[in-house]
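Engineer: Please see the structure below; I have some questions.
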Amino acid sequence: MTDPVTNIFEYSGNLSYKGVEATVSYEPNRNWRFNAAVLRLKAKQNSPLQPLIDGKVPESTPDWNGNVGVAYNV
């Protein structure tokens with residue numbers, strides 16, 4: 001992670017990721033397939049040596065993530 005004081009990307013502790021993910025797929029016939037997924041994530045930085053980032057969410061980590069897709073077989 002990037003240290004907010006030195007602005008250097010370095011090891012500054014541990015990251016904790018906890019969450020749940022669900023996916024579903026549906027095929028109404030041989031040619032079509034529909035997919036969907038959702039992710040709920042709780043991420044936290046554990047950095048006792050750097051109190052500015054201790055207990056905060058890591059960079060570029062969403063709370064929720066989802067996707068949908070459609071596939072057609074010719």
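Engineer: Ignoring trypsin sites (Lys or Arg not before Pro) that are buried or in helix or strand per DSSP, and keeping those with at most 16 other beta carbon atoms within 10 Å, what is the longest stretch of the chain between them?
Structural biologist: 1-29
Engineer: If you roll a 1.4 angstrom probe over the protein chains with everything in place, what fraction of the accessible area of the chain belongs to carbon and sulfur, to the nearest %?
Structural biologist: On the way: 3300 of 5960 Å².
Within the chain, the accessible surface is 55 percent carbon and sulfur.
Engineer: Express the accessible area of the chain per residue in Å², computed with a 1.4 Å probe while the remaining protein chains stay in the model.
Structural biologist: So the chain comes to 80 Å² accessible per residue, rounded to a whole number.
Engineer: By the gyration tensor of its Cα atoms, with a ≥ b ≥ c the square roots of the eigenvalues, what is the shape of the chain: rounded for a/c under 1.5, prolate for a/b over b/c, or oblate?
Structural biologist: On the way: a/c = 5.41, a/b = 3.24, b/c = 1.67.
Prolate is the answer for the chain, as a/c is 1.5 or above and a/b outweighs b/c.
Engineer: For S60, S25, S12, give the ranking by accessible area with the largest first, probe 1.4 Å.
Structural biologist: So, going from the largest accessible area down, we get S60, S25, S12.
Engineer: If you place +1 on the Cβ of every Lys and Arg and -1 on the Cβ of every Asp and Glu, how big does the dipole about the Cα centre of the chain come out, in debye to the nearest 20? Don't skip to the end; give the middle numbers.
Structural biologist: Details: 7 positive and 7 negative charges, 74 e Å.
Dipole size: approximately 360 debye.
The values are calculated or read from the model by the stated rules, or taken from the named source; none is laboratory data. What you are looking at is a predicted structure, and each value in this text was computed from that prediction instead of being measured. Please note: Cβ atoms are built from the backbone with ideal geometry, for glycine as well, and neighbour counts cover all protein chains shown. We work out accessible area using only protein heavy atoms, side chains counted, and drop any ligands, DNA or RNA first. Shrake-Rupley method; radii C 1.70, N 1.55, O 1.52, S 1.80 Å.
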